[in-house]
Amino acid sequence: QVQLVESGGGLVQAGGSLRLSCAASGSIFSFNTMGWYRQAPGKQRELVATISSVGSTNYADSVKGRFTVSRDNAKNMMYLQMNSLKPEDTALYYCYLTFFNNNYWGQGTQVTVAS
């Protein structure tokens with residue numbers, strides 16, 4: 001069983017920064033992809049960023065240049081550094097892990113950006 005636990009969300013003023021963390025535990029295959037998704041009230045869950053176990057990254061256009069995803073494979077940790085936050089970044093942010101067509105999700109951490 002795989003568990004993902006997010007942390008680091010909170011309330012921040014527009015233009016501010018936050019760093020989200022995701023701790024993974026359990027039976028995790030070494031070659032996997034992790035990522036961050038977010039869901040705002042009344043909207044569908046959307047991709048924010050992904051990172052493979054070898055460090056290849058992918059970002060949504062809306063966060064390119066502002067967000068940076070990284071991971072520490074030795075610690076089974078993933079991070080999302082979010083800079084220049086905007087009110088439209090307000091959402092519940094979910095950690096995601098996939099390997100062998102198995103998909104795992106965390107419970108989410110709330111990010112609220114005040115204007």
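The values are calculated or read from the model by the stated rules, or taken from the named source; none is laboratory data. Keep in mind the model is a prediction, meaning the values are calculated, not measured. Here the Cβ positions follow ideal geometry from the backbone for every residue, glycine too, while neighbour counts run over all protein chains shown. Quick note on the areas: whole protein, heavy atoms, side chains included, nothing else; ligands and nucleic acids left out. Shrake-Rupley method; radii C 1.70, N 1.55, O 1.52, S 1.80 Å.
Annotations
- Note on K43: accessible area is roughly 140 Å² with a 1.4 Å probe, heavy atoms of protein only.
- Only lysines eight or more places from K43 in sequence, or on another chain, were considered; those with a Cα closer than 28 Å are K64, K86.
- Phi-based couplings in Hz for the stretch 40-51 (Karplus 6.51, -1.76, 1.60; Gly and Pro marked x): 8, x, x, 10, 6, 5, 10, 5, 9, 6, 10, 8
- Accessible area per residue was computed with a 1.4 Å probe on protein heavy atoms; Y37 scores about 50 Å².
- Relative contact order (percent, whole number), the chain, Cα cutoff 8 Å, 6+ residue spacing: 36
- Cα centroids of the stretch 99-113 and the stretch 64-90: 13 Å apart.
- For the pair L11 and F31 in one chain, pulling the backbone fully straight at 0.36 nm per residue adds 3.8 nm over the alpha carbon distance.
- Per residue, the accessible area of the stretch 6-101 comes to 51 Å² when a 1.4 Å probe rolls over the protein heavy atoms.
- Phi-based couplings in Hz for the stretch 98-105 (Karplus 6.51, -1.76, 1.60; Gly and Pro marked x): 9, 7, 6, 6, 9, 10, 10, 10
- Counting 0.36 nm for each residue step from K75 to N103 and taking away their Cα separation leaves a gain of 8.1 nm.
- What the phi angles of the stretch 26-39 give under the Karplus curve with 6.51, -1.76 and 1.60, with θ = phi - 60°, is a coupling list of x, 8, 10, 5, 4, 8, 8, 10, 10, x, 10, 10, 9, 9 Hz, glycine and proline written as x.
- Inter-site label distance for S62 and T112 at 7 Å from Cα along Cβ, in nm: 1.9
- Remark on N32: its backbone amide H falls under 5 Å from those of S53, a criterion applied only to residues 5 or more positions apart or on other chains, H modelled at 1.01 Å from N.
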